[in-house]
Each structure stands twice: as C-alpha cells, then as structure tokens.
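The values are calculated or read from the model by the stated rules, or taken from the named source; none is laboratory data. On a predicted model such as this, the values are computed, not experimentally measured, just so you know. Note: ideal-geometry Cβ built from the backbone for every residue, glycine included; neighbour counts use all protein chains shown. All accessible areas refer to the heavy atoms of the entire protein, side chains included, with ligands and DNA or RNA removed. Shrake-Rupley method; radii C 1.70, N 1.55, O 1.52, S 1.80 Å.
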Amino acid sequence: MKLSTSILGFAALFSPFFTLAQSSVEVTYAANDKREYTFQAKNTNVCDYTVKVEFTDLQGGSCGCSLPFIETISPGPSTLFTLKPNQNNQGISFRFGYSYLKGRVLNKAPKPFLYLLPFSSAGPHKAFLSKNIMEMIANKKVSNFYGIAFQMQKGDTVFAARRGVVSQVKDAFDTHSDGIWFSSQTNSVEVFHGDGSFASYNRLKKGKMLVKEGQEVEAGEPLGIVTDDTFEGSVVVQFSVYYLSRTRAFNPTEYPYDFVVPSFYSPTNASGLVMQSGGTYTSEWPEAIVTQEMSKKELKRWKSKQK
C-alpha cells in the first residue's frame, strides 16, 4: 500500500523540546573581595546548550554585557559574566532566574552540507515528505517544518548521514500495533553536528541501538535497526535536520528550532539532491563524502581502520 504523506508525524525530532526537563544545566555565582559576582554554568550534557540568565532586580552593579544574557555553553563548566559595582566599595543587590535550551544558538541556518542517505546500497528506497504534528500535541507553531520518511525493510540498519556526537538515544518503547497513525512513544537517535545542527533518526527498534550517548560517529556508521511496526503497511525511518534559532529561542509562543532542507549525495547527482516525495533513491557513500569533515590526521587514522 502506498505510504501517505498526510499521516506521518515526527516524534523524536522534537526531542530538544520534550527532554528539556530531564537535562542538567546549572547556573551559580561566587563573590570575591571586590564585591564582584562571577556567574558560572555547568553543562553535564554531551552537546552544547544555550542558557538565558535574566535579572528581575539589579541594583548597584552591571556586567558590561547585554541583558538578558544569552550564551551557548559547551559540555563542562563555563564562566558566563561578572557583575561589578558601579562605584568602589558599593554593594550589589540582585535577583535572577535562568533557563536553557538544547543546542548552539545560531543567528542563521548552517551552510549547505552534502549528507549521505541513511540506508545501505542494497537497493532503492522511496522517500516521502512528512507532515508536522507539533501544533496538535504541544500547541507550538512550526512554520518551516521539514522531515523525510524513507521506506525500509524490516531488519534494515539505519546509518549516520553525517559525522557528529550522539546527543540522545531513546530506547524505551516496544513495537506498536499496525494502524497507529501517530505516537510520541518511538525510539530514536539524535546526532549533534559540528556546525551546531542536529539530525534525528526516528522509529528505531527497542534493544537494537548500536550507539550510546556521547559517542562520536562518522558518516556511514550504523546507529540502530529500524522498528518493525508500520504506517499503512510500510516500515520507515524518519529523518530531519534542525538547529536552535536565535530568533525563536526562549520565545514562549514559538517552537525554538528551525528546520533545514538537507541535500543528499546521489550516484546520479554528485552535487546533491533534495528529496522529492514519492521519489526512489539509491545510496552510495564515496570516501570523499564520508570524510569531508575530517582533518588530515583524522583522515589518516580513518583510512588505516579501513584496511
């Protein structure tokens, strides 16, 4: 039966929104003998987060920075800013709060990149564009939603379309019964890329993940096995690319992530293809595409492993 674009909804690609409460970013401050207060953040996650520090009251001091303070922090400890007295020997009084979002906040979309198709070269696969369901389940407007569903076979392996760090693995949900048109209870792998974007690989099988959080993966490396359940008789893996947008971040009326329309390498078009709904595509992973983000040292090490 033909796969319908009208019923496909993404769950795992919205993982930055749904997992925020489970994340661990802490903002603290310390005073010195000059009556200055240095604010620090600790990011215990495996990818960048962006923190917002906002003062509800600030008297007698300033930080020399824009307020509210919004900055991306890498994993580990970071120094944010220092409040200094406006006058010598004057105290500072303040009240503040903070919030954070998963990702590196970007002013604009990352530069175009050539992705690998996330399936093997064993045979052609159909691609279908997916509809947005975020407005229905979280009342969040996603005006530029873009997602792709690739038709697979049961037991197929899903591969990384690009190198990065595994920023999230969801491996908690059993296979659903056929006929369910949407569920947020799906397993997925999310990869954080070097340019600040994320890729989500959704609808993977429980207990069949081949990576763990914090692991570095190269383009073409296996991530997991596609789930057995189907949409209208078709097994699919759902794929999307997105990034934390400065214009959307911390806006309570906006979904904070913008989506990217990825271009994929194809044997028929080495410069890249944008998927067309209903189109059939064959995967190929030339060395130049797999290694395009590697340094010379990394490339040498990678080639030695291929022997």
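Here are the numbers for the structure shown:
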| read-out | value |
| --- | --- |
| Test result for R163, surrounded by fewer than 24 Cβ atoms within 10 Å (Cβ to Cβ) and either closer than 23 Å to Y146 by Cβ or modelled with pLDDT of 95 or more (or both) | yes |
| Residues within segment 186-208 that are closer than 26 Å to Q306 by Cβ, among the charged types (D, E, K, R) and assigned to a strand (DSSP E or B), tallied | 1 |
| Selection from segment 95-136 of residues that are open to solvent by 40 Å² or more (accessible area, probe 1.4 Å) and farther than 30 Å from V158 by Cβ | R95, F96, Y98, S99, N107 |
| Candidate set: segment 242-276, residues that are more than 21 Å from the chain's Cα centre (by Cα) and either open to solvent by 60 Å² or more (accessible area, probe 1.4 Å) or closer than 30 Å to S99 by Cα (or both); chosen: the one modelled with the lowest pLDDT | A270 |
| Search result, residues across segment 1-46 that are among the hydrophobic types (A, V, I, L, M, F, W, C), loosely packed, with under 12 Cβ neighbours inside 10 Å and either under 20 Å from the mean Cα position of the chain (by Cα) or modelled with pLDDT under 90 (or both) | M1, A21 |
| When residues of segment 47-56 are limited to those that are assigned to a strand (DSSP E or B) and of a type outside the set (K, R), the one most open to solvent (accessible area, probe 1.4 Å) | T56 |
| From F96, F69, residue being of a type in the set (A, V, I, L, M, F, W, C) and more than 30 Å from N144 (Cα to Cα) | F96 |
| Long-range neighbours under 7 Å by Cβ, at least six apart or interchain, first residue closer than 30 Å to G214 by Cβ and in a loop (DSSP other than H, G, I, E, B) within segment 75-97, second acidic (D, E) and open to solvent by 60 Å² or more (accessible area, probe 1.4 Å) | none |
| Search result, residues across segment 248-267 that are touching a residue at least 40 places away in the same chain (Cβ under 8 Å) and closer than 10 Å to V105 by Cβ | A249, F250, P256 |
| Residues satisfying the stated conditions in segment 57-93, i.e. touching a Gly at 6+ places or on another chain (Cβ under 7 Å) and open to solvent by 80 Å² or more (accessible area, probe 1.4 Å) | K84, N86 |
